[in-house]
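These notes concern the structure reproduced below.
The values are calculated or read from the model by the stated rules, or taken from the named source; none is laboratory data. No experiment lies behind these values; they were computed from the predicted model shown. We place every Cβ from the backbone using ideal geometry, glycine too, and count neighbours over all the protein chains shown. We work out accessible area using only protein heavy atoms, side chains counted, and drop any ligands, DNA or RNA first. Shrake-Rupley method; radii C 1.70, N 1.55, O 1.52, S 1.80 Å.
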Amino acid sequence: MELFHLSEYDARLAKTKQAMENEGLDVLLVTDPANMNYLSGYDGWSFYVSQMLIVAHDEAEPIWVGRKMDAPGANWTTWLSQSSIRAYPDDYVQSDVKHPMDFAADVLRSMGKFHCRIGVEMDAYYFTARSLQRLTAGLPDAVFHDATLLVNRIRIIKSNQEIAYMQRAARIAESAMKTAVESIAEGVRECDVAANIFSAQIRGIEGYGGDYPAIVPLLPAGERSGSCHLTWTDKRYQPGDTVIVELAGCYKRYHSPLARTIQVGDPPVHIRNLTDVVIEGVETALDAVKPGVACEEVETAWRRVIERAGYKKESRLGYSVGLNYPPDWGEHTASLRPGDRTELVPNMTFHMIAGMWMDGYGVEMSETFRVTQTGCETLANFPRELAVKSYAL
């Protein structure tokens, strides 16, 4: 079941092979599940075992290598022919004797790729130290090179179809955030709010459903709102709690993250003041986005606003985002931070995460945006304000 026209997959593969040639690589082993999806369409919750695509200059199609029980999934989700799907038996799975990379090495030898320059994604989440060890042992005459971000860099500029999927994801994000705002109230358990958000993310909206996001809803509340990556507990919301909600809509593995801050009861002055600064900073930074501008220039626009108000944010302002699998929806390439001279190009997409995490409290607003021909457009349409929930009567 192809999500894109075959011509788009052909173009992606051609760009990958050109990048390989530029790096002097004969073969590329793609183990990042998002990159596997990008080049082949493969989509399955199988990344907890070894799997890969083998991309070689003299092969018209990538070769999918994975667990035998996942081969039918490759047939269902990829554009690859049956001969390009190579499956290893289950006795390779979590074995003290065999390893799936032994099988992959055998496949490469059968292709005549035993004495060449091979690129591997050394910093991909699911490519382990043992995987590299077994590959090098199985192919002692090959030379291995780090090609971690080779495909990621190609993914940074989206096609119009990819943008359309992210726009659908944004509609789901709006629905999920609306659910969060409606659900949070004094006396409600955090876990029940999380359950409602999950339901909205998967249910989607009229016309299309949602996919599972790469990151679960982040819901730090009260004093924990000063910590950015906390999830939920089974505690009940109390009067005065500030709640940060960070979530994403996901459609066909494409993400549109969104963050907002919710206050249970009247906001204290320090929360109101920080919210005003964050919103002004976001709007100023978005105004700075346009083709040809460097990523660091967008962050500079933000930083000038918050520093004028006496605040400082040491973490980056945002990052390239789109297609991904757990544990992250970011693409690991361009970041909105000092020193990143990546020039913005139309159809790049970023998550601008304007989070200020202070000592015992925090405020977070975020927008996913697309670079346009003249500036940018935010994908979601949700009030950029502190949502205040009245006390229970």
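So the values come out like this:
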| read-out | value |
| --- | --- |
| Alpha carbon centroid spacing (whole Å) that separates region 249-288 from region 113-136 | 40 |
| Accessible carbon and sulfur surface of the chain relative to its total accessible area, %, 1.4 Å | 49 |
| Spatial extent of region 209-257: Rg and Dmax, with the Cα atoms as the point set, Å | 12.8, 39 |
| Contour minus Cα-Cα distance for Ala11 and Leu230 (0.36 nm per residue) | 74.9 nm |
| Cβ-based charge dipole, region 243-393, positive-most Cα from Leu323, Ala259, Asn381 | Leu323 |
| Simple Cβ-charge dipole of the chain, Lys/Arg +1 and Asp/Glu -1, about Cα centre, in debye nearest 20 | 120 |
| Nearest-ten-degree value, helix 100-110 long axis tilted from longest Cα axis of the chain | 40 |
| Ranked by how many other beta carbons lie within 10 Å on average, peptides 270-279, 257-266 from highest | 257-266, 270-279 |
| Accessible area per residue in Å² at 1.4 Å probe, computed on the chain | 42 |
| Using alpha-carbon coordinates, inclination of helix 6-22 to the longest axis of the chain, degrees | 80 |
| Globularity index of the chain, i.e. its alpha-carbon radius of gyration over 2.2 N^0.38 Å | 1.06 |
| Folded to 0 to 90 degrees: helix 160-183 orientation relative to the chain principal axis, Cα | 40 |
| Of the trypsin sites (Lys or Arg not before Pro) in region 1-103, those whose Cβ has at most 16 other Cβ within 10 Å and which sit in DSSP loop | Lys98 |
| Extended-chain gain in nm, criterion 0.36 nm per residue less alpha-carbon gap, Asn22 and Trp45 | 5.0 nm |
| Semi-axes of the equivalent ellipsoid for region 142-281, Cα gyration tensor, largest first, Å | 32, 19, 15 |
| Charged-residue dipole, Cβ positions (Lys, Arg, Asp, Glu), region 150-220 about Cα centre, Debye nearest 20 | 420 |
| Estimated [θ] at 222 nm from DSSP helical runs (n ≥ 4, -39500 (n - 2.57)) normalised by residues in the chain, nearest 500 | -10500 deg cm²/dmol |
| Heavy atoms of Ser335: accessible area, 1.4 Å probe, square angstrom to 10 | 0 |
| Cα principal axis extents for region 46-193, largest first, Å | 64, 39, 30 |
| Nitroxide proxy distance, nm - points 7 Å out along Cα→Cβ at Thr128 and Arg341 | 4.0 |
| Entries of Lys17/Lys113; Lys158/Lys252; Lys68/Lys98; Lys113/Lys158; Lys235/Lys389; Lys15/Lys158 with Cα pairs more than 21 Å apart | Lys113/Lys158 |
